[in-house]
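Throughout, read-outs are computed from the coordinates displayed, never taken from laboratory work. Since this is a predicted model, take the numbers as computed values, not measurements.
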């Protein structure tokens with residue numbers, strides 16, 4: 001089993017360092033270059049959505065990213081302490097040319113499973129991807 005744990009804040013300038021750390025972790029677990037990029041993009045989009053929607057653009061709120069790789073399964077948990085609104089209730093995007101909702105579309109299409117679990121004080125998002 002391999003583990004990665006990162007604590008950061010909701011500053012958009014922190015997205016790239018977290019993405020790079022997650023990508024390096026995935027590469028060390030044996031994911032190919034395409035998968036590493038897709039997982040990194042998914043984490044980036046999920047965190048950007050937290051900043052925009054759960055934290056209403058506040059740049060000093062806590063965020064935590066934990067990754068675990070065991071067997072052939074990667075699980076990435078992104079925890080925020082925002083408004084707790086459940087994005088999974090947003091219907092899948094039908095027209096990709098209309099602005100908005102592309103982050104969720106990315107998560108749904110690039111990851112094998114996404115699970116939003118409202119917490120009493122925020123949200124826990126779990127992204128799952130099998131190594132193929």
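Listed values, structure above:
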| item | result |
| --- | --- |
| Normalised contact order of the chain, rounded percent, pairs of Cα under 8 Å and 6 or more residues apart | 28 |
| D (Stokes-Einstein, µm²/s), Kirkwood Cα radius, the range 2-130, 1.306 mPa s at 10 °C | 108 |
